[in-house]
Structures are given as structure tokens and as C-alpha cells.
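Notes follow once the structure below has been shown.
The values are calculated or read from the model by the stated rules, or taken from the named source; none is laboratory data. Quantities reported herein were computed from a predicted structural model and do not represent experimental measurements. Neighbour counts are summed over all protein chains in view; Cβ atoms, including those assigned to glycine, are modelled from backbone coordinates with ideal geometry.
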Amino acid sequence: MCKLILGRDTRKKSKNTLQINYGPNANRNYVSTHTVGILNRIAKEANVNSLTITSTLRSPEDQVRAMYNNLQRQGVKRQKQLYGSAGDQVIDLYAKAKLKGLSADEIKAKMLEKIMGIGPSKVSKHCGDPNVLNVIDIAPSTIVNKRSFINAVSGSQEVSKFLQPPTDPAYHLEIPQQ
């Protein structure tokens, strides 16, 4: 209930300030102020006070790390649902190398060679130009109001692509830059 005393609103003001944390594989320098503004609007709508960005722009080596780890954890079939034809070529190479019994380092080296041959930005938007498109992953474990967050992101005209579990292990947002 709101009380007015001497014409003043005594309701506690909601701070609604989003705290953005960054995981070890996320570089805050690649998250634009435009993207932060969009995240703030989404968070306010979803009543989310904090989140952790786990991935931003990736080097080809970082892309190998991410793909290899996800392939190990989730398998080829799940990862093929995530990537387009260029990424699928890297995944197919991984699967063949595993069948041959190659070591993790040998597989990663082959994956890197394949990514470089195809073109990193064709394999993953995480490897593209952040001045054109910010690509971020957010840890679902850091979102308190998951359903509200998903609805807010899905309803945002400013997010061009949104992936979520179980398709992607993270909340994956692609935000065009202006």
C-alpha cells in the first residue's frame, strides 16, 4: 500500500540496476553499451537483478574449446542441432577423430585447422565482428526468474536470435549493433 505524506510518495524505490558479471571466458570489452542497455531493459521487464555472461567474442582457439567441451558433455547429435552446415563440418571431423582414437589435443588441433579453413565467423557468430553483432551467452543458473527472462528476451525486437536450453546449454543472444 502506498502512503502519501505531505505530497510525497513513500514507496521504496526499486533500484532495478542490473548487475552483469563476467565468467572467465567472457570479455566485457566486447559487450557494447548498446547491448548493456538492451540487457537492462530485458532484466527490468523480467525482474532480474543480476546475470552472468559466460561467453562473448571468441578467438578460433576459444571456439575449438567451446565446441570440444560441449561435444564431450552433450554429444554430436545435440551439437548438430546448434550449428549450421559450417559448424557441422567441424562436428563431423570431431566424430571421425574420436572414432580413430585420437587424443584430445590431436582432435582440437584438427578442429582448429578445419575452423580456420572454413572461416571462423562461418562456424560461429561468436567469432564474428562485435561492432556488427554482439553475441553473448548467459548462464541459465544465474537467472532467477527464468520464464519471465525467456519471455522478455523472446519479445525483444532488439534481439535477432535467441537460443535456450535444451537446444543450447546457455541463453544465447545475438544483438545487432547500431
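Being small (Gly, Ala, Ser), within 21 Å of the chain's Cα centre (by Cα) and either assigned to a helix (DSSP H, G or I) or at pLDDT below 95 (or both) narrows it down to one of Gly117, Gly37, so name that one.
Checking each option against the conditions leaves just Gly37.
In the list Leu82, Leu93, Leu112, which residue meets the criterion of being surrounded by 16 or more Cβ atoms within 10 Å (Cβ to Cβ), touching a helix residue (DSSP H, G or I) at 6+ places or on another chain (Cβ under 9 Å), modelled with pLDDT under 95 and outside the structural domain of His34 (by TED's automatic domain parsing)?
Working: Leu93 fails: modelled with pLDDT under 95; Leu112 fails: modelled with pLDDT under 95.
When all the criteria are applied, what remains is Leu82.
Residue under question is Asn49, and the condition is that it be within 19 Å of Tyr171 (Cβ to Cβ) and either surrounded by 19 or more Cβ atoms within 10 Å (Cβ to Cβ) or not small (Gly, Ala, Ser) (or both); does it hold? Spell out the reasoning first.
Working: within 19 Å of Tyr171 (Cβ to Cβ): yes; either surrounded by 19 or more Cβ atoms within 10 Å (Cβ to Cβ) or not small (Gly, Ala, Ser) (or both): yes.
So Asn49 passes the test.
Mind checking whether some residue in the range 56-71 is in a helix (DSSP H, G or I) and hydroxyl-bearing (Ser, Thr, Tyr)?
So the first thing to find is which residues in the range 56-71 are in a helix (DSSP H, G or I), and the list is 60-71.
Still in the running and hydroxyl-bearing (Ser, Thr, Tyr): 68.
Yes: the range 56-71 contains one or more residues that are in a helix (DSSP H, G or I) and hydroxyl-bearing (Ser, Thr, Tyr).
Going by what's in this entry, would Pro169 be described as of a type outside the set (Asp, Glu), touching a Ser or Thr at 6+ places or on another chain (Cβ under 8 Å) and touching a residue at least 40 places away in the same chain (Cβ under 8 Å)?
Values: of a type outside the set (Asp, Glu): yes; touching a Ser or Thr at 6+ places or on another chain (Cβ under 8 Å): no; touching a residue at least 40 places away in the same chain (Cβ under 8 Å): yes.
For Pro169, the condition - of a type outside the set (Asp, Glu), touching a Ser or Thr at 6+ places or on another chain (Cβ under 8 Å) and touching a residue at least 40 places away in the same chain (Cβ under 8 Å) - is not met.
For residues that are farther than 19 Å from Gln19 by Cα, in contact with a helix residue (DSSP H, G or I) (Cβ under 7 Å, 6 or more places away or on another chain) and not hydrophobic (A, V, I, L, M, F, W, C), scanning just the range 152-178, find the one that is surrounded by the most Cβ atoms within 10 Å (Cβ to Cβ).
Filtering the range 152-178 for residues that are farther than 19 Å from Gln19 by Cα, in contact with a helix residue (DSSP H, G or I) (Cβ under 7 Å, 6 or more places away or on another chain) and not hydrophobic (A, V, I, L, M, F, W, C), the one surrounded by the most Cβ atoms within 10 Å (Cβ to Cβ) comes out as Pro169.
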